[in-house]
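K.L.:
Before anything else, here's the structure in question.
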Amino acid sequence: MLEPRIKGAAFGAFLLLGSLLGAESAIGVNWGTVSFHKLKPSAVVDLLKDNKIEKVKLFEAEPDALRALAGSGIQVMVGIPNDLLAILSSSPAASDLWVRQNVSAYVGKDGVDIRYVAVGNEPFLTSYAGQYVNYVVPTLLNLQQSLAKANLAGSVKLVVPCNADAYEANLPSQGAFRPELTDIMTQLVSFLNTNGSPFVVNIYPFLSLYGSSDFPQDYAFFEGTTHPVTDGNNVYTNAFDGNFDTLVAALTKIGYSQMPIVIGEVGWPTDGALNANLSAARAFNQGLINHVLSNRGTPLRPGVPPMDVYLFSLLDEGAKSVLPGNFERHWGIFSFDGQAKYALNLGRGSKLLKNARNVQYLPSRWCIADPTKDLSSVANHFRLACSEADCTTLNYGGSCNGIGAKGNISYAFNSYYQLRMQNSQSCDFDGIGLVTFLNPSVGECRFLVGVTDTSFAKFRACSNRLIYLVLVLWGLRFLGVY
Ligand SMILES: *[C@@H]1O[C@H](CO)[C@@H](O)[C@H](O)[C@H]1NC(C)=O
Ligand SMILES: *[C@@H]1O[C@H](CO)[C@@H](O)[C@H](O)[C@H]1NC(C)=O
Ligand SMILES: *[C@@H]1O[C@H](CO)[C@@H](O)[C@H](O)[C@H]1NC(C)=O
């Protein structure tokens with residue numbers, strides 16, 4: 001007798017939750033800026049607008065990005081890096097100042113529509129060995145006070161993006177937070193619940209596949225699987241739902257079965273690993289978007305998809321650490337210069353992504369290894385170039401892995417040359433480098449041309465000779481010489 005009633009009550013609650021939150025799942029994006037070649041922030045905001053992306057997540061309160069977002073109508077989640085948590089947790093004054101400088105300064109009429117502040121980024125990550133764990137709740141309490149003082153507590157919600165390693169289980173229904181986190185999670189979720197904030201989690205089926213050779217490949221995607229996971233009466237056909245429901249079970253276990261969930265990061269990279277390619281990324285992201293927008297929900301939350309989903313990522317970030325793997329620089333649905341990598345329907349009326357407009361490229365020229373020179377002694381140059389510039393696509397599984405030894409060297413030279421804003425000395429390499437005006441790209445392997453948001457500040461610092469050369473080149477271009 002009892003059981004159906006509970007189920008009925010729970011179902012009613014789901015319908016309520018669904019009508020409150022589920023109906024309007026939004027697809028947002030993460031806008032990270034760890035890049036050698038940055039688009040102008042205003043070009044990025046135009047890119048968001050052109051693609052009708054209404055929510056964006058920033059990892060820091062970057063003044064340039066926030067200024068560009070002012071008046072755009074785009075809803076913003078502003079991040080606080082983990083290394084600020086120590087001071088913010090211990091000093092109400094620091095917390096007040098953070099809110100003043102990084103929220104109050106931007107909101108208001110024609111300002112930035114800041115909806116969330118993300119307190120830390122995956123602060124409970126196992127590999128941080130607990131160093132931030134005890135700062136999280138005190139920081140939340142301080143910031144909440146600061147927001148209240150600034151009259152922003154009603155419009156700006158605090159959240160804590162967690163990695164999915166905060167919980168674990170063999171089956172979704174058995175989900176539980178890591179034992180050492182149970183106390184902190186209970187305090188955190190109670191805080192979120194009191195303040196009307198969602199739980200934010202980052203879910204990465206790609207990393208599960210990358211990290212384990214026996215992870216069934218089709219379980220990472222949304223098109224059905226030969227390896228479904230059976231959990232009581234529930235059958236899971238994709239890792240995303242399985243992971244999501246593991247979190248739902250963990251939240252239920254600490255008494256918050258109704259806690260709304262936002263996906264802070266989810267995505268698939270396109271390069272730098274065998275499973276990271278254009279078709280896989282397209283299949284995953286499109287499958288995810290269709291799944292979320294179908295409002296189907298998951299077995300434990302039928303009809304209640306995540307409140308919002310922030311794709312990781314908007315743009316490739318070529319200066320990110322490759323510690324996790326070479327794929328780390330290739331998560332963008334757009335390349336670093338705002339060009340769509342594949343067809344993706346964000347559910348906003350267009351079947352395709354729209355490219356960035358008015359991208360300020362450096363001149364169309366590349367640095368390659370002089371084909372007439374002996375290349376037997378360039379190993380050091382290659383290493384130096386790739387230690388600074390991005391050469392990740394050259395490695396096994398990368399889009400430039402098959403271009404041969406000479407191609408490798410040219411690729412490295414060019415990456416370095418573009419990183420140095422095409423400074424002529426940066427294509428010397430003891431006389432082996434050669435500037436060319438013919439695009440050396442081969443097949444899917446793209447030899448990039450840099451972009452700049454620095455309004456030619458660095459460019460101006462280059463030698464007069466270079467500027468003269470550019471003028472000559474532009475002149476030749478108009479004459480139709482190339
Ligand atoms: C505001 O945010 C930026 C970017 O994260 C940070 O460098 C700065 O210290 C913050 N301001 C305060 C007062 O903490
Ligand atoms: C792309 O990745 C998918 C899925 O991980 C894999 O099955 C496929 O073979 C890869 N495609 C190429 C061309 O490498
Ligand atoms: C090109 O460079 C990559 C990365 O260093 C290496 O894995 C690959 O074997 C190289 N290819 C050739 C033909 O030397």
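K.L.:
For P269, what is the net charge nearby, where nearby means another residue's Cβ is under 14 Å from its Cβ and Lys, Arg count +1, Asp, Glu -1?
P.N.:
-2
K.L.:
Can I ask one more? Just to be sure I understand: of the beta bridges DSSP finds with both ends in the chain, what percent are antiparallel, rounded to 5?
P.N.:
Around 35 percent of the beta bridges assigned by DSSP in the chain are antiparallel ones.
K.L.:
As a test of understanding, state the convex hull volume per residue of the stretch 117-213 from its alpha carbons, in Å³.
P.N.:
109 Å³
K.L.:
Separate question: Just rank H330, H227, fewest to most, by other beta-carbon atoms within 10 angstrom.
P.N.:
Lowest count first: H227, H330.
K.L.:
What net charge do the residues around M259 carry, taking every other residue with its C-beta under 15 Å from that of M259, with Lys and Arg at +1 and Asp and Glu at -1?
P.N.:
Charge balance near M259 sits at +1.
K.L.:
Can you pull a Stokes-Einstein diffusion coefficient for the chain at 10 °C (1.306 mPa s), Rh from Kirkwood over Cα pairs, as a whole number of µm²/s?
P.N.:
In µm²/s, the coefficient is 66.
K.L.:
Can you spot the lysines whose alpha carbon is less than 18 Å from K52's alpha carbon? Ignore those fewer than 8 places along the same chain.
P.N.:
K341, K351, K354
K.L.:
Something else now. Mean projection of the alpha-carbon convex hull of the stretch 166-278 over all orientations, in nm²?
P.N.:
Mean shadow area of the hull around the Cα atoms is 8.0 nm².
K.L.:
Moving to a separate point now. List the residues, sorted by chain then number, that are 5 or more residues from Q75 or on another chain and whose placed amide H is less than 5 Å from its amide H.
P.N.:
The answer is K55, V56.
K.L.:
To make sure I understand, if each residue's beta carbon is the centre and we count other beta carbons within 10 Å, what order do L171, L346 fall in, fewest to most?
P.N.:
So the residues, fewest neighbours to most, are L171, L346.
K.L.:
Here is a further query. Sort L362, L209 so the one with the fewest other Cβ atoms within 10 Å of its own Cβ comes first.
P.N.:
Listed from fewest to most nearby Cβ atoms, that is L362, L209.
K.L.:
Shifting gears a bit: Within the stretch 233-312, list the trypsin sites (Lys or Arg not before Pro) lying in a DSSP loop whose Cβ has at most 16 other Cβ atoms in a 10 Å radius.
P.N.:
R296
K.L.:
Give me the net charge for the shell around R178: Cβ to Cβ below 15 angstrom, other residues only, Lys and Arg +1, Asp and Glu -1.
P.N.:
-4
K.L.:
Next question, about the same structure. Excluding residues on the same chain fewer than 8 positions from K406, give the lysines whose Cα lies under 18 Å from its Cα.
P.N.:
Here the lysines satisfying the reach criterion relative to K406 are K373.
K.L.:
Also, quick follow-up: Please identify the chymotrypsin sites (Phe, Trp or Tyr not before Pro) of the stretch 373-449 that satisfy two criteria: DSSP loop assignment and at most 10 other Cβ atoms within 10 Å. Which are they?
P.N.:
When the chymotrypsin sites (Phe, Trp or Tyr not before Pro) of the stretch 373-449 are filtered for loop state and at most 10 Cβ neighbours within 10 Å, Y396 remain.
K.L.:
Only Cα pairs under 8 Å and at least 6 apart count here; give the relative contact order of the chain as a rounded whole percent.
P.N.:
16 percent
K.L.:
Give the distance, in whole Å, between the Cα centre of the stretch 38-105 and the Cα centre of the stretch 299-348.
P.N.:
19 Å
K.L.:
Give me the dipole magnitude in Debye, nearest 20, for the stretch 21-329 about the Cα centre, with unit charges on the beta carbon: positive for Lys and Arg, negative for Asp and Glu.
P.N.:
720 debye
Values quoted throughout were computed directly from the atomic coordinates according to the rules given, and no laboratory measurement underlies them. Because the structure is predicted, anything quoted here is derived from the model rather than measured. Because the Cβ atoms are built from the backbone with ideal geometry, glycine has one as well, and the counts that use them run over all protein chains shown.
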